[in-house]
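Enquirer: Have a look at the structure that comes next, please.
The values are calculated or read from the model by the stated rules, or taken from the named source; none is laboratory data. Being a predicted model, the structure only gives us computed values, none of them experimental. Counting neighbours? That spans all protein chains shown, and the Cβs are built from the backbone with ideal geometry, glycine included.
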Amino acid sequence: MMWKEKYRVGAELIDTQHKELFHRVSNFIQAVQSPQPWENKLEHVKETMAFMQDYVIIHFNDEERFQAEIGYPELERHKEIHARFRAGVQGYAKRAADEGFTEELIQEFGGRLMAWLIMHVAAEDQKIGQFLRSQQGGSHES
């Protein structure tokens, strides 16, 4: 799962954060799928879970602030998408705390992360980039 230039939105902070998310999720998936015993993977799994809980809040706040600054017309809908994903990450964190960091749960979490990241950044966030480019064609400066 690699970052592709076609995922670029055109805002340096957002693109840098997206690259970091792709890097982290890719490393996480590789670690979870590696042939090492599960016990050897747990530290990395826990670190990634903690990172995702913190980083999605930071990234979503930054992305929503940027959308507000450029007058993005779908900001409220985008906030709802972010809220659902944030709740999903929190749900997996709670399940892991309650049930333990089982291989089955973490495999499911990894799959959801990967699917969401590709669908959200490659599809939904591209609309932000399209809007930004349309505004830059006019009088808006980035």
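Enquirer: Of the residues GLU43, GLU80, GLU47, which is under 24 Å from TYR7 (Cα atoms), exposed (fewer than 15 other Cβ atoms within 10 Å of the Cβ) and of a type in the set (Asp, Glu)? Don't jump to the end; show me each part of the working.
Expert: Working: GLU43 fails: under 24 Å from TYR7 (Cα atoms); GLU47 fails: under 24 Å from TYR7 (Cα atoms).
None of the other options fit; the residue is GLU80.
Enquirer: Also, quick follow-up: May I ask you to list the residues in region 101-116 that are of a type in the set (S, T, N, Q) and over 10 Å from ILE29 (Cα atoms)?
Expert: The initial filter retains those residues of region 101-116 that are of a type in the set (S, T, N, Q), namely 102, 107.
Across region 101-116, the qualifying residue is only THR102.
Enquirer: What is the number of the single condition among (1) more than 14 Å from the chain's Cα centre (by Cα); (2) assigned to a helix (DSSP H, G or I); (3) modelled with pLDDT of 95 or more that LEU132 does not meet?
Expert: (3)
Enquirer: Given the criteria at pLDDT 95 or above, among the basic types (Lys, Arg), closer than 22 Å to GLY10 by Cα and surrounded by fewer than 17 Cβ atoms within 10 Å (Cβ to Cβ), does LYS94 qualify? Show your work before the answer.
Expert: Values: at pLDDT 95 or above: yes; among the basic types (Lys, Arg): yes; closer than 22 Å to GLY10 by Cα: no; surrounded by fewer than 17 Cβ atoms within 10 Å (Cβ to Cβ): yes.
When the stated conditions are applied, LYS94 does not pass them.
Enquirer: Can you pull out every residue in region 71-111 that is of a type outside the set (A, V, I, L, M), touching a residue at least 40 places away in the same chain (Cβ under 8 Å), farther than 22 Å from VAL121 by Cβ and in a helix (DSSP H, G or I)? Show your work before the answer.
Expert: The initial filter retains those residues of region 71-111 that are of a type outside the set (A, V, I, L, M), namely 71-74, 76-80, 82, 84-86, 88, 90-92, 94-95, 98-104, 107-111.
When the remaining residues are screened for being touching a residue at least 40 places away in the same chain (Cβ under 8 Å), the result is 71-74, 78, 92, 101, 103, 107, 109-110.
Adding the requirement that they be farther than 22 Å from VAL121 by Cβ leaves 101, 103.
Listed by number, the list holds a single entry, GLU103.
Enquirer: Okay, next question. Quick check on region 35-54. Is at least one of its residues more than 16 Å from ARG86 (Cα to Cα), in a helix (DSSP H, G or I), aliphatic (A, V, I, L, M) and within 12 Å of the chain's Cα centre (by Cα)?
Expert: Initial filter on region 35-54 (more than 16 Å from ARG86 (Cα to Cα)): 35-47.
Those left that are additionally in a helix (DSSP H, G or I): 38-47.
Next, only the ones that are aliphatic (A, V, I, L, M) stay: 42, 45.
If we keep only those that are within 12 Å of the chain's Cα centre (by Cα) as well, we get none.
No, region 35-54 has no match at all.
Enquirer: Take ALA68 and tell me if it is free of Cβ contacts under 8 Å to residues at least 60 places away in the same chain, not in a loop (DSSP other than H, G, I, E, B) and not basic (Lys, Arg).
Expert: Details: free of Cβ contacts under 8 Å to residues at least 60 places away in the same chain: yes; not in a loop (DSSP other than H, G, I, E, B): yes; not basic (Lys, Arg): yes.
The answer is yes for ALA68.
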